[in-house]
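What follows draws every value from the coordinates through simple rules; no lab data is involved. It should be emphasised that the depicted structure is a prediction, and the values quoted were computed from it without experimental measurement. Note that we place each Cβ from the backbone using ideal geometry, even for glycine, and neighbour counts take in every protein chain shown.
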């Protein structure tokens, strides 16, 4: 009788999303352990140097990173150490530490997208307040509005729109780091809308539009979500964005500019999909489960083959 693959799902709180994943994985005869990266540790008494709750001295056949709790630089570094080491030990990690590092830091994401030649708003990031003031003054004088964002942030929290130097001077950046980006006016005046595309292994599996009476279009900030038809330009942009940040799966936010072209706002490598499920009825978890099951079975088969020799 062949051994069943074992998958670990990491999240700091296991709720609706974990339940969806466990249910979606059930047809594949896969054992699932729900764990928290914060409870893992580096432990050189273990054969692999890692301890993962619920696994004793063994390693899983695949990992899914669904969420990582906020923490200090030291805490986050330790959690990334665990993910990096798992990958170095040959365990497929979905998404990898590299992908998470490319996306959790907005400046890093902007750089990756720019270097890949993908459309994304003009961006500046620096620590020097004088330099940031000069950038803001220059861009505002040219007729652009700016958005100031925390480098590390989500759900539209901490975003500030700047239309004058007085507004800029009244803003205190989070962590003394300035992340400034061109504000993208809506394609149709006063009709703020963008799109969230869910990409899994190089394919868009679901998409929704987010519409708001305010320039911040996050669902958590009051936007409404609707099923959306997307064109090939949007799909290709989202797929290429995932490649640029090395993400196996991601939620890619795209907006339409006044000239009709599309540009990438953000790439989220640990995206929630409850909103997209409620808007479209598409079971994103089933697409993730299919990819995870294939990775786990392939890894298990490879390890078993090596064990015979």
For the stretch 85-209, what does the alpha-carbon gyration tensor say about shape, rounded, prolate or oblate, given a ≥ b ≥ c as the root eigenvalues, a/c under 1.5 as rounded, and a/b over b/c as prolate?
oblate
Using just the C-alpha positions of the stretch 159-309 as equal point scatterers, what log10 of I(q)/I(0) does the Debye formula give at each q in 0.09 1/Å?
-0.38
Over the chain, relative contact order from alpha-carbon pairs under 8 Å, at least 6 apart, %
19 percent
As an exercise, take the mean of 1/r over every pair of distinct alpha carbons in the stretch 1-63, invert it, and state the Kirkwood radius in angstroms.
12.6 Å
Nitroxide proxy distance, nm - points 7 Å out along Cα→Cβ at residue 171 and residue 137
1.7 nm
Where the eigenvalues come from the Cα gyration tensor of the stretch 123-182, what are the semi-axes √(5λ) of the equivalent ellipsoid, largest first, in whole Å?
17, 13, 10
Stretched out fully, how many nm does the piece from residue 126 to residue 16 gain, at 0.36 nm a residue minus the Cα gap?
35.8 nm
Give the share of C-alpha pairs in each 20 angstrom bin for the chain, from 0 to the last occupied bin, in whole percents, shortest bins first.
31, 54, 14, 1
Over the Cα atoms of the stretch 1-107, each weighted equally, I'd like the Debye log10 I(q)/I(0) at q = 0.12, 0.13, 0.18 Å⁻¹, rounded to two decimals.
-0.40, -0.47, -0.90
In what sequence, highest mean first, do 238-250, 128-140 appear when ranked by Cβ atoms within 10 angstrom?
238-250, 128-140
For the stretch 190-309: relative contact order, % (alpha-carbon pairs under 8 angstrom, 6 or more apart)
25 percent
Restricting to DSSP H runs of at least four residues, report the calculated mean residue ellipticity at 222 nm for the chain, -39500 (n - 2.57) per run over all residues, nearest 500 deg cm²/dmol.
-10500 deg cm²/dmol
Report, largest value first, the span of the C-alpha coordinates of the stretch 64-113 along each principal axis, in whole Å.
30, 25, 17
Tell me the label-point distance for the pair residue 211, residue 26, using the 7 Å Cα-to-Cβ offset, in nm and rounded to one decimal.
3.6 nm
Relative packing of peptides 5-18, 181-194 - highest average C-beta neighbours within 10 Å first
5-18, 181-194
What percentage of all Cα-Cα pairs in the stretch 73-144 are separated by more than 20 Å?
53 percent
Based on C-alpha coordinates, I'd like the Rg and Dmax of the stretch 169-225, in Å.
14.9, 43
Which of the peptides 21-30, 38-47 is most tightly packed, and how do the rest follow, going by the mean number of other Cβ atoms within 10 Å of each residue?
21-30, 38-47
Grab the beta carbon distance between residue 302 and residue 33, set R0 = 22 Å, and tell me the FRET efficiency rounded to 0.05.
0.60
Length-normalised contact order for the stretch 6-95 - Cα pairs under 8 Å, 6+ apart - percent:
34 percent
